[in-house]
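Written out below as structure tokens is the structure these notes cover.
The values are calculated or read from the model by the stated rules, or taken from the named source; none is laboratory data. Because the structure is a prediction, the values reported are computed rather than measured. Note that we place each Cβ from the backbone using ideal geometry, even for glycine, and neighbour counts take in every protein chain shown. Only protein heavy atoms, including side chains, enter the accessible area calculation; ligands, DNA and RNA are left aside. Shrake-Rupley method; radii C 1.70, N 1.55, O 1.52, S 1.80 Å.
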Amino acid sequence: MHSAAVLNLDLPDPEREDISKLEFLAQLERAWDVCDRFDLQTEIWRGRILRSVRDREKRGGDGPGSGFIQWLREREISKSRAYSLIQLADSADNLVEEGSLEADCVNNFSKRAFLEAAQADPEVQLLVSEAANSGRKITRQQVRRLHDEFLAATSPLLPDEVRRRTQENLLPPKLVAPLVREMAKLDDEQQEELCRDLRETPDVDTIKEATSAARWLAKAREAGLAVRALQRDDLELDKVLQEAQRLNALGLVADVLHQSHLLEQSVLRLYASWSRLCDLHERLWLESGSSTPHLRILLDAIGTLAGATLRVSLGELSGGKRLRLQIVEDSPEGPDPPATHQTCPAVETADLAVTS
């Protein structure tokens, strides 16, 4: 039945002039939906097949995972792809066997909608299953809308006033749900601080402001924990974020921390590349000799990058300026120089000390 549907798709003739663009696209959309549903059924069954191969091997074999991996290798299927299909099959079985979705109604889902429903809360799965059982076509947007409505009306992270107003349709779930997702990334103290404002004025503007603040707090906290330069006993990141929030500068602090993290990562990658280049440069120098003058010229040119001082051209757009980076390996036990606040000088060269 599925094969006939796929082989006999009613595709419009692109050369026809008596069909409007809207009708042409509508026919293509219907054909695409057929392929989407057929693809979903195919991948569910592939997941069940892979699960059977994996489970059979658990009963014995040459070694843990050997037969299953060999089976995947022969069919050119990656492990990540295989386990994603198995997860899809598990989700289908859970929705049909343990949930309220009728087996024949799986075809009412698009593939992305089904995956979205499989990851949703049980209450949302029940709502989606009832809609699918009634014959409605389920899209990913519908599943997300139902999930947002449920999240905004029931999340314990929100004050009672916000949940009540959401249930009464005085607050749109599409604005409240993102706030819940961002608040879930924060600690209890930060959540309570946001809830105080929401209790006082549970309106749309406050929801938007709280969502923005929660998003910047989460980003700043995540970036701050990753910056090695902040590993100091006298620095309390939570208090830094509190002060920044009072100044309405959370976004600026988050950007500072994010760029600091990127800079540290760039310096570490630079140091690793420089160390590798120095080793290769030395090995190639020892292998070469006076009989390889052109090779020695290459090594001499690369020497501007393989020494303790790197000289890199910034290109013609920068007026031909060169950046000079000095790499100094300090002992971990050595004291750090006193920190001073200064702006970067507008000069053609700069020194950078990298401590390992």
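General remarks:
- Of the listed requirements (1) touching a helix residue (DSSP H, G or I) at 6+ places or on another chain (Cβ under 6 Å); (2) without any contact (Cβ under 8 Å) to a residue 40 or more places away in the chain; (3) of a type outside the set (A, V, I, L, M), residue 202 misses just one: (2).
- Scan segment 190-234 for residues that are within 30 Å of residue 169 (Cβ to Cβ), open to solvent by 30 Å² or more (accessible area, probe 1.4 Å) and aliphatic (A, V, I, L, M) and the total you get is 1.
- Residue match in segment 85-94 (condition: modelled with pLDDT under 85 and of a type in the set (A, V, I, L, M, F, W, C)): yes
- Residues located in segment 201-232, provided they are under 14 Å from residue 180 (Cα atoms) and basic (Lys, Arg): 208, 215
- Boolean, residue 150 is touching a residue at least 60 places away in the same chain (Cβ under 8 Å) and aromatic (Phe, Trp, Tyr): no
- Boolean, residue 185 is open to solvent by 50 Å² or more (accessible area, probe 1.4 Å), assigned to a loop (DSSP other than H, G, I, E, B) and over 29 Å from residue 101 (Cα atoms): yes
- Subset of segment 243-270 [within 13 Å of residue 217 (Cα to Cα), in contact (Cβ under 8 Å) with a residue 12 or more places away in the chain and either open to solvent by less than 60 Å² (accessible area, probe 1.4 Å) or of a type in the set (A, V, I, L, M, F, W, C) (or both)]: 244, 245, 250, 251, 253, 254, 257
- Selected residue (only one of 68, 114 is surrounded by 13 or more Cβ atoms within 10 Å (Cβ to Cβ) and not assigned by the TED database to the domain that holds residue 35): 114
- Scope segment 154-165; condition open to solvent by less than 90 Å² (accessible area, probe 1.4 Å) and assigned to a helix (DSSP H, G or I); matching residues: 154, 161, 162, 163, 165
- If you go through segment 112-124 and keep only what is among the acidic types (Asp, Glu) and not in a helix (DSSP H, G or I), you end up with just 121.
- Among all residues of segment 117-137, there is at least one that is closer than 27 Å to residue 222 by Cα and open to solvent by 70 Å² or more (accessible area, probe 1.4 Å).
- Any chance residue 173 is open to solvent by 20 Å² or more (accessible area, probe 1.4 Å) and under 30 Å from residue 196 (Cβ atoms): yes
- Considering segment 71-111, and only residues there that are assigned to a helix (DSSP H, G or I) and among the small types (Gly, Ala, Ser), the residue that is most open to solvent (accessible area, probe 1.4 Å) turns out to be 80.
- Only listed residue being open to solvent by less than 60 Å² (accessible area, probe 1.4 Å) and at positive phi, chosen from 307, 289, 315, 303: 315
- Unmet criterion (only one of (1) more than 20 Å from residue 201 (Cα to Cα); (2) loosely packed, with under 15 Cβ neighbours inside 10 Å) for residue 168: (1)
- Within segment 320-329, considering residues that are more than 36 Å from the chain's Cα centre (by Cα) and open to solvent by less than 90 Å² (accessible area, probe 1.4 Å), the one modelled with the lowest pLDDT: 320
- Single residue of 198, 127, 151 found to be in contact with a Ser or Thr (Cβ under 9 Å, 6 or more places away or on another chain) and assigned to a helix (DSSP H, G or I): 198
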